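Everything on this sheet refers to the single structure shown next.
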Amino acid sequence: MSIPLALSAQTTSPGADTDWRSANNAVGLLKRGHADVLKWEQANASSSTMQVPVADGLKLLTIEDVTRQAWRNHRDLAQPLARLGAANVALIAEGRWTEVDPGLWRKVDDMDEVLHVAVKARKAWLQALATRQTLAHYQAILDATDAASELGQRMVNVGNWSALQHARVQGLQSSAQMNLARAQYAATQSQTSLINTLGLTGKVASVTLPESLPELPPQLMPMDAWQQKALAIRAQLPEAESLRSQAHSNMALAAYQASHALVKGSRDALKTQAFINEETLLHYNGMLSSVWDVLDASRNQSQAAIDAIGAQRDFWIAEVDLQWVLQGGEPESFVSLGGGGDTAAPAAH
């Protein structure tokens, strides 16, 4: 997704008539001509394809890993886990809560705490994973603006760009630098929060996470099946609790539906931006598009990837809330879609 450093062929502002051959000739006036540009490209190419290193330390590669690790820190949960039995414990650890008999909620003391600990750990894991996954895309946006700024400066030096044109690129470059710094801090903050949630502060400095968020299940449970499960849990509750559970179920189902729709929409948007980027590069190579077109297309594709990661994270957070509600849980709030993974919509009381 990085911008090719043949961008130096562009020397005029957007919308102006462009003498493409003269622009390329201007690059040739550099000390080593086009070879100078190519050498700079080779020296900087690795940054645009940089893979964010995975931290050494405790390996938490699956939802089961993080759930079982969270339980280990709560020794008081040993008894309810034993009463649940290995089969039910495995279902909960793997995130298959709908296969657990909701009647166990009232039969096993502290089962609510077993699930609550699992919920907190899973959400912290999803957030840490999502923030780390976005780093490469924020870096790609910065690489694009760095390339444009470097080559824009070259054009200023040979008199084919104005200082105003270069200042516009520098503004984009500064914005990209700040966004990457924010993303890096968010990744550090979310990993620290995960370690703290697992009760490992002072014991583990970092955790190893998978490369990407889990893929969506190939088939989603139909909404009527979710609703039937919600009715089953409410049937076991006193009237007041049943009404509160119904409100929670309605909100959880709404978040689940909306988050899934946003995943589909964000993936469609990403495919569209990838197509636009490819076509823009082809037009650029044919001297039919400007440097600004290429810059915008590259930046928009990276931003679409960031949005898609956020939507995927929100879906999994909404899914764990829904499963928790169907086991009798009472979230304090629900996911704020597109809100960085934070929960904002208040639950009913």
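The values are calculated or read from the model by the stated rules, or taken from the named source; none is laboratory data. Predicted model, so just to flag it, every value in this text is computed and none were measured. Glycine also receives a Cβ, built like all others from the backbone with ideal geometry; neighbour counts cover every protein chain displayed. Note: areas computed on protein heavy atoms with side chains; ligands, DNA, RNA excluded. Shrake-Rupley method; radii C 1.70, N 1.55, O 1.52, S 1.80 Å.
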Task: Cα-projected label distance for Leu220 with Ala258, points at 7 Å along beta-carbon direction, nm - done: 1.4
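Which semi-axes, in whole Å and largest first, does the equivalent ellipsoid of segment 268-332 have when worked out from the alpha carbon gyration tensor as the square roots of 5 times its eigenvalues?
Working: eigenvalues 341, 16, 4 Å².
Working from the Cα gyration tensor, I get semi-axes of 41, 9, 5 Å.
Exceeding 30 Å between C-alpha atoms, which entries from my cross-link table qualify? They are Lys120/Lys264; Lys59/Lys271; Lys59/Lys107. Working shown, then result.
Numbers: Lys120/Lys264 26 Å; Lys59/Lys271 32 Å; Lys59/Lys107 34 Å.
Flagged as over cut-off: Lys59/Lys271; Lys59/Lys107.
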Task: Cross-link reach list, aspartates and glutamates versus Lys229, counting only Cα pairs under 12 Å and skipping chain neighbours closer than eight places - done: Glu99, Asp101
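Going by a ≥ b ≥ c, the root eigenvalues of the Cα gyration tensor, does segment 196-269 fall in the rounded group (a/c under 1.5), the prolate group (a/b larger than b/c) or the oblate group?
Values: a/c = 2.90, a/b = 1.35, b/c = 2.14.
Taking the square roots of the gyration eigenvalues as a ≥ b ≥ c, segment 196-269 is oblate.
Starting with the highest mean, order 300-312, 170-182 by the number of other Cβ atoms within 10 Å, averaged over the residues of each peptide.
Values: 300-312: 22.2, 170-182: 15.3.
The densest-packed peptide leads the list: 300-312, 170-182.
So, by mean Cβ neighbours within 10 angstrom, what's the order for 276-284, 192-200 with the highest one leading?
Highest mean packing first, the order is 192-200, 276-284.
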TODO: Over the residues of segment 86-140, compute the C-alpha Rg and express it relative to 2.2 N^0.38 Å.
DONE: 1.56
Open item on the list: Using 0.36 nm times the number of residues separating Thr62 and Gln79, minus their current alpha carbon distance, what extension gain do you get?
Closed with: 3.7 nm
TODO: Provide the per residue accessible area, probe 1.4 Å, for segment 212-349, rounded to a whole number of square angstrom.
DONE: 47
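Applying 1/(1 + (r/R0)^6) with R0 = 30 Å to the Cβ-Cβ distance of Thr272 and Asn179, what FRET efficiency is obtained, to the nearest 0.05?
Values: r = 22 Å, r/R0 = 0.73.
Calculated value: 0.85.
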- [ ] Mind giving me the FRET efficiency for Leu164 and Ser336? R0 is 41 Å, r the Cβ-Cβ distance, nearest 0.05 is fine.
- [x] 0.55
